[in-house]
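A.B. asks: Can you keep this structure in mind? I'll have questions shortly.
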Amino acid sequence: QSGFDIDRDKIHPMLFDYQKDLVKWALKIGRAALFTMTGTGKTLMQVEYARQVQIKTGGNVLILAPLAVSAQTIREAVKIGVDINYAHNQKEVKPGITISNYERIENFTAGYFDCIVLDESSILKSFDSSTRKILTDNFKHTPYKLACTATPAPNDFMELGNHAEFLNVISRTEMLSMFFVHDGGDTSKWRLKGHAKDKFWEWMATWSVAIRRPSD
């Protein structure tokens, strides 16, 4: 854990109870992943996470999102009194919370931000993705990180490993060697070691939350 604890009643009252619980947990972890199904309110949770980090640190937050999602995020943020600035590059960044698109990531100075939030973090799925590499390398030392996406396929271990690496939990290679074995001669297919079937998911639960519905 590298974050900070916060009283639940300080989280914006517009959030549902389960959303407050997830935001509180993510802030305490510091670098965390929210794998929550569509319709569970990821946008409000990530905006509130960003708001609380900005209040705590007095620093700056960068939210990255797909092009079609940025305007929606800005509109949603207004509901909880958060003003998010859209920027095409570092020159357009204003103090506080900034949002931009993944395609523009090279236009920003990573060291300027104390926090980065990835909306639709499935962008990390491709191991060979240049965007994934830039995000992982450039923001390696960013204190606060939040990755948000709908629940990834539980057998897509590469995507989970890339998330863990981005969040400074463990490298993808270390994860594979610790919990997995090659499935035959195909190096792209991995299966959990016999003793690791429970331990892997227990480990996942130390840095990520996966829910399909609020009752989870």
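The values are calculated or read from the model by the stated rules, or taken from the named source; none is laboratory data. Just so it is clear, the structure is predicted and the values come from calculations on it, not from any experiment. So basically every Cβ, Gly included, is an ideal-geometry build from the backbone, and we count neighbours across all protein chains shown. Side chains included, ligands, DNA and RNA excluded: accessible areas come from the protein's heavy atoms. Shrake-Rupley method; radii C 1.70, N 1.55, O 1.52, S 1.80 Å.
A.B. asks: Label 7 Å along Cα→Cβ of GLU103; the range 43-74 residues with amide nitrogen under 17 Å?
C.D. replies: 64-72
A.B. asks: Compute, for the chain, the length of the dipole vector about the Cα centre, with Cβ point charges of +1 (Lys, Arg) and -1 (Asp, Glu) only. Units Debye, rounded to 20.
C.D. replies: Using Cβ point charges on Lys, Arg, Asp and Glu, the chain gives about 160 debye.
A.B. asks: Lysines within cross-link reach of LYS189: Cα-Cα under 24 Å, excluding same-chain residues under 8 positions apart?
C.D. replies: Result set, ordered by chain and number: LYS125, LYS133, LYS197, LYS199.
A.B. asks: Working from Cα positions, state the angle (0 to 90°, nearest 10) between the long axis of helix 17-29 and the longest principal axis of the chain.
C.D. replies: Long axis of 17-29 versus the principal axis of the chain: about 80 degrees.
A.B. asks: Which aspartates and glutamates have a Cα lying under 14 Å from the Cα of LYS56, excluding residues fewer than 8 positions away in the same chain?
C.D. replies: Qualifying aspartates and glutamates at Cα under 14 Å: ASP5, ASP7, GLU48, ASP114.
A.B. asks: What does the charge dipole of the range 60-165 about its Cα centre add up to, to the nearest 20 debye, if the Cβ of each Lys and Arg holds +1 and the Cβ of each Asp and Glu holds -1?
C.D. replies: Values: 10 positive and 13 negative charges, 46 e Å.
That gives the range 60-165 a dipole magnitude of about 220 debye.
A.B. asks: Ranked from the most accessible area to the least, with a 1.4 Å probe and all protein chains present, what is the order of GLU202, GLU76, GLU92?
C.D. replies: Numbers: GLU202 105, GLU76 45, GLU92 75 Å².
The most accessible residue leads, giving GLU202, GLU92, GLU76.
A.B. asks: Amide H of ILE211: which non-local residues (sequence gap of 5 or more, or other chain) have their own amide H closer than 5 Å, using H built in the peptide plane?
C.D. replies: For ILE211, whose amide H was placed from the backbone, the distant partners under 5 Å are PHE35, THR36, MET37.
A.B. asks: Tell me the per residue accessible area of the chain using a 1.4 Å probe; a whole number in Å² is fine.
C.D. replies: Working: 10430 Å² over 216 residues.
Result: 48 Å² per residue.
A.B. asks: Same structure again: How large is the Rg to Rh ratio of the range 1-155 when both quantities use alpha carbon positions and Rh follows Kirkwood?
C.D. replies: Values: Rg = 14.4 Å, Rh = 15.5 Å.
Over the Cα atoms of the range 1-155, Rg/Rh equals 0.93.
A.B. asks: Separate question: Given the options ALA210, ALA147, SER2, identify the residue whose Cα lies farthest towards the positive end of the charge dipole of the chain (+1 on Cβ of Lys, Arg; -1 on Cβ of Asp, Glu).
C.D. replies: SER2
A.B. asks: Give me the Kirkwood hydrodynamic radius of the range 23-97, using the inverse of the mean 1/r over all pairs of distinct Cα atoms, in Å to one decimal. Walk me through the intermediate numbers first.
C.D. replies: Values: mean 1/r = 0.0762 Å⁻¹.
Its Kirkwood hydrodynamic radius stands at 13.1 Å.
A.B. asks: A further question on this structure: Tell me, what ³J(HN,Hα) does each residue in the range 156-167 have, in order and in whole Hz, if you take phi through Karplus 6.51 cos²θ - 1.76 cosθ + 1.60 with θ = phi - 60° and put x for Gly and Pro?
C.D. replies: 8, 5, 5, 5, 5, x, 5, 5, 4, 5, 4, 8
A.B. asks: Still on this structure, I have one more. For LYS42, go through the aspartates and glutamates and keep the ones whose alpha-carbon is under 12 Å away, minus same-chain ones fewer than eight residues off.
C.D. replies: Result set, ordered by chain and number: GLU76, ASP119, GLU120.
A.B. asks: Once fully extended, how much extra length lies between ARG8 and THR131, figured as 0.36 nm per residue of separation less the alpha-carbon to alpha-carbon distance? Before the final figure, lay out each step's value.
C.D. replies: Details: separation 123, 0.36 × 123 = 44.28 nm, distance 3.49 nm.
The ARG8-THR131 span can extend by a further 40.8 nm.
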